[in-house]
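Here is the structure we will look at.
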Amino acid sequence: MDNWKLKEHPQLSRNNIVAVVVLDGWGEFKPDKYNCIHVADTPTMDSFKKSAPGRWRLLRAHGSAVGLPTEDDMGNSEVGHNALGAGRIFAQGAKLVDLALASGKIYQDEGFNYIKPSFETGTLHLIGLLSDGGVHSRLDQLQLLLKGASERGAKRIRLHILTDGRDVLDGSSVGFVETIEKDLAELRGKGVDAQIASGGGRMYVTMDRYENDWDVVKRGWDAQVLGEAPHKFNSAVEAVKKLREQPNANDQYLPPFVIVDENGKAVGPIVDGDAVVTFNFRADRMVMLAKALEYEDFDKFDRVRFPKIRYAGMLQYDGELKLPSHYLVSPPEIDRTSGEYLVHNGVRTFACSETVKFGHVTFFWNGNRSGYFDSNLEEYVEIPSDSGITFNVQPKMKALEIAERAKKAILSRRFHQVRVNLPNSDMVGHTGDIEATVVACKAADEAVKIIIDAIEKVGGIYLVTADHGNAEDMVKRNKSGEPLLKDGNIQVLTSHTLKPVPIAIGGPGLPDDVKFRTDLPNGGLANVAATFINLHGYEAPSDYEPSLIEVTDD
Ligand code: 3PG
Ligand code: CO
């Protein structure tokens, strides 16, 4: 593209220092004891809401506002940060896979035709998250793929499941395994040799992200490829039920297991000549496995065996690395993101988070693209996350370190945009530990304070928002909004929510007459990019969703 030059904004000046802060998993909901943000001491976020008329509002962060198939789809970090960074709404992986399955195009395209020759003599392996969470994968899509592949010649199918409990209720894994077992039994009835071969909890097996802990991927590799795991069972339903009985066990962290036959032999290791599909559509937690399955040169762990397979992702997960090289459905083409415009206009950017969310403000922000647009103008800093713990143990996570690093970047005056993600309310919210989530929210609020104090010192501007809800509602509710009891107990909600998120703007560099427009009541995350492009003193590209702000005359 040639025309990267942005028009100067007629009223707003350039060269401001703008802090863009994303609180991960911070939605707006009624005051309630299960609203950890309400329970926590959060004076900074509260002050935005109370004291700045026209400078605080809510944004839609779920469903169609972020390109998901239905209004029942909760927001998530991938689609949220895509929308925040790209300023437009793209039909996202979940929806693209739905369409490709419905039209049958998935079976006509390159990816499926690439793996198909292996059906002749090899096994088709399907690896992914088994739930209907709709964040990384969806059960109904897997069911359709199983049916479609078997109708098109797959005679031997092995499923390698990852149990969820993070985008869905803990304990729901059993039901999902039972459901898929029924489908596999039906296939067997039709003469297809189809069964579950291995499994494990998503946070302990396979689905690490941003190279936080390769051991997670290795555990999966051992079970899926080598057919080795500490636990062996004859059936997956039994495996999940039994492993859940262990002390402190939950779906997210189930240990790896393999299914063995009556002779104790693993039923489905991946071997030369097989086909493999990773059926998650979401990128971040599949990239590491994709590397292990695809890269000839690979040194992150000892693969022991590197089978010659035909591998396709549900989607291509990384547009820059072109990984994997074969995929069943083309990913959304998230082009001309704000980051790319900013470098073309000389705007210097600093982006920072800790490992578990680092890719959110870089990779997702830039349209699922790794690396810099222009390393002379951008600096991305990753603060190492604690590994090997669940974040309720350290709910403050690295919020302080992220804030201090952002403060340093702001005070250095070397950057125009200082962008951070504060993970606490999301990462601790996902553990379902309500007390720890309260601590997490307080820590995130303190981090925001450090950043806006630095902005105050340099006369800059801040924009504080969130990518989706999580910590503001930690309980499953019935239709009238009351906690839904099961056996007399509440059911803790570990997942995201459908709630809107706040956005606040301010700082000494923001002229008094800049306010949120009142004519965009349905504004969502995709309106944020045009907003901060204005705060940098430019008009946003004409096809971006409109800016949320106006410069009033009064
Ligand atoms: C995860 O991957 O941790 C959850 O499924 C979704 O959380 P995120 O969208 O906030 O990353
Ligand atoms: Co989350």
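No lab work stands behind these numbers, since they all come straight from the coordinates. It should be emphasised that the depicted structure is a prediction, and the values quoted were computed from it without experimental measurement. Glycine also receives a Cβ, built like all others from the backbone with ideal geometry; neighbour counts cover every protein chain displayed.
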Original post:
Add -39500 (n - 2.57) for each DSSP H run of 4 or more in the chain, then divide by its residues: what number comes out at 222 nm, to the nearest 500 deg cm²/dmol?
Top reply: -8500 deg cm²/dmol
Subject >> Hz values of 3J(HN,Hα) by residue in region 348-362 - Karplus curve (6.51, -1.76, 1.60), Gly and Pro given as x >> reply: 8, 10, 10, 10, 8, 7, 8, 2, 5, 10, 4, x, 5, 8, 10
Original post:
If you count, for each residue, the other Cβ atoms within 10 Å and average over each peptide, how do 5-11, 40-46, 161-167, 15-21 line up from highest to lowest?
Top reply: 161-167, 15-21, 40-46, 5-11
Original post:
Just in region 473-554: which trypsin sites (Lys or Arg not before Pro) are loop by DSSP and have at most 11 other Cβ atoms within 10 Å?
Top reply: Lys479
Subject >> Packing-based order for 150-157, 169-176, using average beta carbon neighbours within 10 Å, highest first >> reply: 169-176, 150-157
**OP:** Using Cα pairs closer than 8 Å and at least 6 residues apart in sequence, work out the relative contact order for region 189-300, in percent.
**Re:** 34 percent
Original post:
Around Val174, with a cut-off of 12 angstrom between Cβ atoms, what is the net charge of the other residues, counting Lys and Arg +1 and Asp and Glu -1?
Top reply: -4
Original post:
Which of the GluC sites (Glu not before Pro) found in region 307-406 are loop residues per DSSP with 16 or fewer other Cβ atoms within 10 Å of their Cβ?
Top reply: Glu320, Glu333
Subject >> Nonlocal amide H pairs with His326, under 5 Å, H built at 1.01 Å >> reply: Gly313
Original post:
By the scheme Lys and Arg +1, Asp and Glu -1, what is the net charge of all other residues having a beta-carbon under 12 Å from that of Val22?
Top reply: -1
Subject >> Cβ crowding within 10 Å averaged over residues, with 488-499, 271-282 ranked highest first >> reply: 271-282, 488-499
Original post:
Do you know the relative contact order of region 94-329, to the nearest whole percent, from alpha carbon pairs under 8 angstrom that are 6+ apart?
Top reply: 24 percent
Subject >> Stretch gain in nm, segment Phe301-Glu401, where the contour uses 0.36 nm per residue and the Cα spacing is subtracted >> reply: 33.1 nm
Original post:
Where nothing but the Cβ of Lys and Arg (+1) and of Asp and Glu (-1) is charged, how large is the charge dipole of the chain around its Cα centre, in debye to the nearest 20?
Top reply: 200 debye
Original post:
Based on the Cβ-Cβ distance of Glu151 and Asp32, what FRET efficiency does E = 1/(1 + (r/R0)^6) give at R0 = 56 Å, to the nearest 0.05?
Top reply: 0.70
**OP:** Report relative contact order for the chain in percent, whole number only (criteria: Cα-Cα under 8 Å, sequence separation at least 6).
**Re:** 27 percent
Original post:
Got a sec? Charge dipole of region 94-329, +1 on Cβ for Lys and Arg, -1 for Asp and Glu; which of Gly319, Leu126, Asn250 is way out at the positive end?
Top reply: Leu126
Subject >> Built amide H within the under 5 Å cut-off of Leu23, gap 5+ >> reply: Leu422, Thr465, Ala466, Asp467
Original post:
How many nm separate the modelled label positions at Asn3 and Glu238, each set 7 Å beyond the Cα in the direction of the Cβ?
Top reply: 6.7 nm
Original post:
When the Karplus curve 6.51 cos²θ - 1.76 cosθ + 1.60 is applied with θ = phi - 60°, which whole-Hz ³J(HN,Hα) does each residue of region 424-437 get, with x for Gly and Pro?
Top reply: 3, 5, 7, 5, 7, x, 5, 7, x, 8, 5, 4, 5, 5
Original post:
For region 185-244 and region 385-452, what is the separation of their C-alpha centers, rounded to whole Å?
Top reply: 33 Å
Original post:
Of Lys116/Lys190; Lys116/Lys357; Lys155/Lys218; Lys33/Lys486; Lys49/Lys499; Lys182/Lys232, which pairs sit farther than 24 Å apart, going by alpha carbon to alpha carbon?
Top reply: Lys116/Lys357; Lys155/Lys218
Original post:
Any idea how far the Cα center of region 525-554 sits from the one of region 326-346, in Å?
Top reply: 19 Å
Subject >> trypsin sites (Lys or Arg not before Pro) restricted to DSSP loop in region 175-216 with at most 13 other C-beta within 10 Å >> reply: Lys190
**OP:** Take the Cβ-Cβ distance between Asn522 and Asp261 as r, set R0 to 41 Å, and report the resulting FRET efficiency rounded to the nearest 0.05.
**Re:** 0.15
Subject >> Which of Val343, Ser172, Leu400, positive extreme of dipole for the chain (C-beta unit charges) >> reply: Ser172
**OP:** Evaluate the charge dipole of region 94-329 about its Cα centre and quote only its size in Debye, nearest 20, assuming +1 on the Cβ of each Lys and Arg and -1 on the Cβ of each Asp and Glu.
**Re:** 400 debye
Original post:
With a ≥ b ≥ c the root eigenvalues of the C-alpha gyration tensor of region 343-425, is it rounded (a/c under 1.5), prolate (a/b larger than b/c) or oblate?
Top reply: oblate
Original post:
Any idea how far apart Glu71 and Asn478 come out in nm if each label point goes 7 Å out from Cα toward Cβ?
Top reply: 2.3 nm
Original post:
So what are the ³J(HN,Hα) numbers for region 164-176, from phi and the Karplus equation (6.51, -1.76, 1.60; θ = phi - 60°), rounded to whole Hz, Gly and Pro as x?
Top reply: 9, x, 10, 9, 9, 5, 4, x, 6, 4, 4, x, 5
